[in-house]
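For reference, the structure is listed below as structure tokens.
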Amino acid sequence: MPSNSYYNLAVGWLVEAGITSGVAPGKFAPTATVTRGQMAVFLWASAGSPQPAGGHSFTDVKPGVYYEQAVIWLVGEGITSGVAPGKFAPSAKVTRAQMAVFLWAAAGSPSVEGTHDFTDLNAGSYYEGPVTWLVGEGITSGVAPGKYGPTRPVTRAQVAVFLHASACTKAPVGTSIAAGDSSSCVLNDDQTVACWGLNAEGQLGDGTTTNRLAPTQVPGLTSTISLTAGRSHSCALKAHGTVACWGSNDSGQLGDGTTTNRLEPTLVLGLSGVLAIDAGDSHTCAVKRDAKVACWGFNYYGQLGDGTTTNRLTPTPVVGLSGVSATALGSGHSCALKDDGQVACWGGNYNGQLGDGTTTSRLTPTPVAGLTEVLTIAAGARHSCALNVEGTVACWGDNDRGQLGDGTTAESLT
């Protein structure tokens, strides 16, 4: 792994995101070619290794092999149907053309716009559209001027670069400030972070529990694009789609598999390809590149949306939720804005903060009644609000201090 190689940064990202630990102690094997079985694992891990549902019908994928769960996930997501009826061909080498299709399908098979200038792509081929998409997203410029090399086998180094570039092109510029209960953080121009305020549980991330009256640098945190803060914990989204959190962890809200408070940023386990993050009182959620949501932490009211009230120490998929562009988290409830402009909420509903017309708590996402064409959402402790395309705002839930802005102090269930 030469430090000046074209793949050094990408491999570093793979390791940090937990996507790979190499082929042996101290070895990544950058020039080794990648099989379809290995490619399945790379894609699955880059999506956060979600628990796959269903099964597969491939006779050449044996039970218990290291890539079985990854292949099941690929099938469930519609990313592949194999190479022939009943055949996945796990030991076959992946070509650059196939890599393009895998990445395009893993991104949700988005519509393809623009053109390419590769002379070695057959017009109308199964890979022409995906390669055009790769070019439009800035993921590749080919192997040489005018050449994509569709039949060339992909190496482990090239896969690292493809996956890293794919994650980075989807990373948005996010919130530059975040405020918790008694602390604040700011994202600097150089993508580092500084925090100040109460630090009793390490929520400033400076390695101490000393309160700070002025901004103090968070050590070891670079390439940050977005921040969020809960009651006593903070999280940072990094440019390559991973998340680091610090501070209070009594309910697992840091996502590192423990309930140990962390005084410095700690990587959230099994999470990559993240586009947006949000923190509630003691839980955290992430919107991923596939427009699905994973949450972790306190779950007494069902605010993690996994159908249970069990706290989760690592990211857990929200049940039945897709097409999401943003989330908003309250004290004991969560909401998601979908690409179609509708909103769904889940968790505690004792003040009507889910907006479904009831005070029944929900363990999985439930549509908010009467909302369409929503542009952005926000959540307070026990109330929620939405801004629509016409520039008007609707709020619902607790209103004991007039937080709904409707001229009353009466709560609203819709």
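The values are calculated or read from the model by the stated rules, or taken from the named source; none is laboratory data. Here the structure is a predicted model, which is why all the values come from computation and not from measurement. As a convention, Cβ positions derive from the backbone with ideal geometry for all residues, glycine included, and neighbour counts pool all protein chains shown.
Search region 230-243 for residues being part of a strand (DSSP E or B) and closer than 18 Å to LEU9 by Cα, and hand back the single one that is modelled with the lowest pLDDT.
My answer is LYS238.
Determine, yes or no, whether ASP400 is modelled with pLDDT of 95 or more, within 20 Å of ASP306 (Cβ to Cβ) and part of a loop (DSSP other than H, G, I, E, B).
Judged against the criteria, ASP400 is not a match.
Given the structure, is LEU329 closer than 18 Å to GLY370 by Cα and under 19 Å from the mean Cα position of the chain (by Cα)?
So LEU329 fails the test.
On the basis of being in contact with a His (Cβ under 9 Å, 6 or more places away or on another chain) and either at pLDDT 95 or above or in the same structural domain as ALA276 (by TED's automatic domain parsing) (or both), does CYS395 make the cut?
Answer is yes for this residue.
What is the one condition in (1) assigned by TED's automatic domain parsing to the domain that holds ALA179; (2) in a loop (DSSP other than H, G, I, E, B); (3) of a type outside the set (A, V, I, L, M, F, W, C) that THR314 does not satisfy?
(2)
For the condition more than 16 Å from ASP278 (Cβ to Cβ), over 25 Å from the mean Cα position of the chain (by Cα) and not hydroxyl-bearing (Ser, Thr, Tyr), what is the one hit in ASN388, ASN351?
Checking each option against the conditions leaves just ASN351.
Here are GLY54, GLY22, GLY64, GLY18: which of them is in a loop (DSSP other than H, G, I, E, B), in contact (Cβ under 8 Å) with a residue 60 or more places away in the chain and at positive phi? Show your work before the answer.
Numbers: GLY54 fails: in contact (Cβ under 8 Å) with a residue 60 or more places away in the chain; GLY22 fails: in contact (Cβ under 8 Å) with a residue 60 or more places away in the chain; GLY64 fails: in contact (Cβ under 8 Å) with a residue 60 or more places away in the chain.
Only one candidate passes the filter, namely GLY18.
Out of the residues in region 367-391 that are at pLDDT below 95 and β-branched (Val, Ile, Thr), state the one that is nearest to GLY230 (Cα to Cα).
Here the residue is THR376.
Filter region 253-283 for residues that are crowded, with 23+ Cβ neighbours inside 10 Å, outside any strand (DSSP E or B) and under 18 Å from the mean Cα position of the chain (by Cα) and give the result.
Matches in region 253-283: GLN253, LEU254, GLY255, VAL268, LEU271, SER272, GLY273, GLY280.
Let me spell it out: the conditions are (1) hydroxyl-bearing (Ser, Thr, Tyr); (2) at pLDDT 95 or above; (3) part of a loop (DSSP other than H, G, I, E, B), and SER334 meets all of them except one. Which number is the exception?
Of (1) hydroxyl-bearing (Ser, Thr, Tyr); (2) at pLDDT 95 or above; (3) part of a loop (DSSP other than H, G, I, E, B), only one is false for SER334: (3).
Inside region 366-391, can you point out the residues that are closer than 21 Å to GLY302 by Cβ and either surrounded by fewer than 14 Cβ atoms within 10 Å (Cβ to Cβ) or among the basic types (Lys, Arg) (or both)?
The answer is ARG382, and nothing else.
Condition check: β-branched (Val, Ile, Thr), part of a strand (DSSP E or B), modelled with pLDDT of 95 or more and in contact with a strand residue (DSSP E or B) (Cβ under 9 Å, 6 or more places away or on another chain). Does THR308 satisfy that?
Against the criterion (β-branched (Val, Ile, Thr), part of a strand (DSSP E or B), modelled with pLDDT of 95 or more and in contact with a strand residue (DSSP E or B) (Cβ under 9 Å, 6 or more places away or on another chain)), THR308 does not qualify.
Enumerate the strands (runs of 3 or more DSSP E) found wholly within region 121-210, keeping only those where 1 or more residues are among the polar types (S, T, N, Q), at pLDDT 90 or above and surrounded by 21 or more Cβ atoms within 10 Å (Cβ to Cβ).
183-187
For SER3, all conditions in the list (1) polar (S, T, N, Q); (2) over 20 Å from PRO153 (Cα atoms); (3) in the same structural domain as ARG96 (by TED's automatic domain parsing) hold save one; what is the number of the exception?
Every condition holds for SER3 apart from (3).
Conditions: (1) in contact with a Phe, Trp or Tyr (Cβ under 8 Å, 6 or more places away or on another chain); (2) closer than 20 Å to THR314 by Cα; (3) at pLDDT 90 or above. PRO215 meets all but one. Number of the miss?
(2)
Being in the same structural domain as THR35 (by TED's automatic domain parsing) and in contact with a strand residue (DSSP E or B) (Cβ under 7 Å, 6 or more places away or on another chain) is true for just one of ALA106, ALA84, ALA123, ALA92. Which residue is that?
Being in the same structural domain as THR35 (by TED's automatic domain parsing) and in contact with a strand residue (DSSP E or B) (Cβ under 7 Å, 6 or more places away or on another chain) holds for just one of ALA106, ALA84, ALA123, ALA92, which is ALA92.
Tell me whether region 346-359 contains one or more residues that are part of a loop (DSSP other than H, G, I, E, B), on the phi > 0 side of the Ramachandran plot and outside the structural domain of THR372 (by TED's automatic domain parsing). Steps first, answer last, please.
Going through region 346-359, the residues part of a loop (DSSP other than H, G, I, E, B) turn out to be 348-359.
Adding the requirement that they be on the phi > 0 side of the Ramachandran plot leaves 352, 355, 357.
This time we only want the ones that are outside the structural domain of THR372 (by TED's automatic domain parsing), so: none.
There is no residue in region 346-359 that is part of a loop (DSSP other than H, G, I, E, B), on the phi > 0 side of the Ramachandran plot and outside the structural domain of THR372 (by TED's automatic domain parsing).
Would you tally the residues in region 81-121 being under 22 Å from the mean Cα position of the chain (by Cα) and farther than 15 Å from VAL154 by Cβ?
6
All but one of (1) surrounded by fewer than 21 Cβ atoms within 10 Å (Cβ to Cβ); (2) farther than 29 Å from ARG289 by Cβ; (3) of a type in the set (A, V, I, L, M) hold for LEU404, so report the exception by its number.
Every condition holds for LEU404 apart from (1).
With respect to ALA70, is the statement that it is touching an Asp or Glu at 6+ places or on another chain (Cβ under 9 Å), over 23 Å from GLY146 (Cα atoms) and outside any loop (DSSP other than H, G, I, E, B) true?
no
Out of curiosity, is ALA328 touching a residue at least 40 places away in the same chain (Cβ under 8 Å), closer than 26 Å to GLY202 by Cβ, outside any loop (DSSP other than H, G, I, E, B) and out of contact with any Gly (no Cβ under 8 Å at 6 or more places or on another chain)?
On the way: touching a residue at least 40 places away in the same chain (Cβ under 8 Å): yes; closer than 26 Å to GLY202 by Cβ: yes; outside any loop (DSSP other than H, G, I, E, B): yes; out of contact with any Gly (no Cβ under 8 Å at 6 or more places or on another chain): yes.
Answer is yes for this residue.
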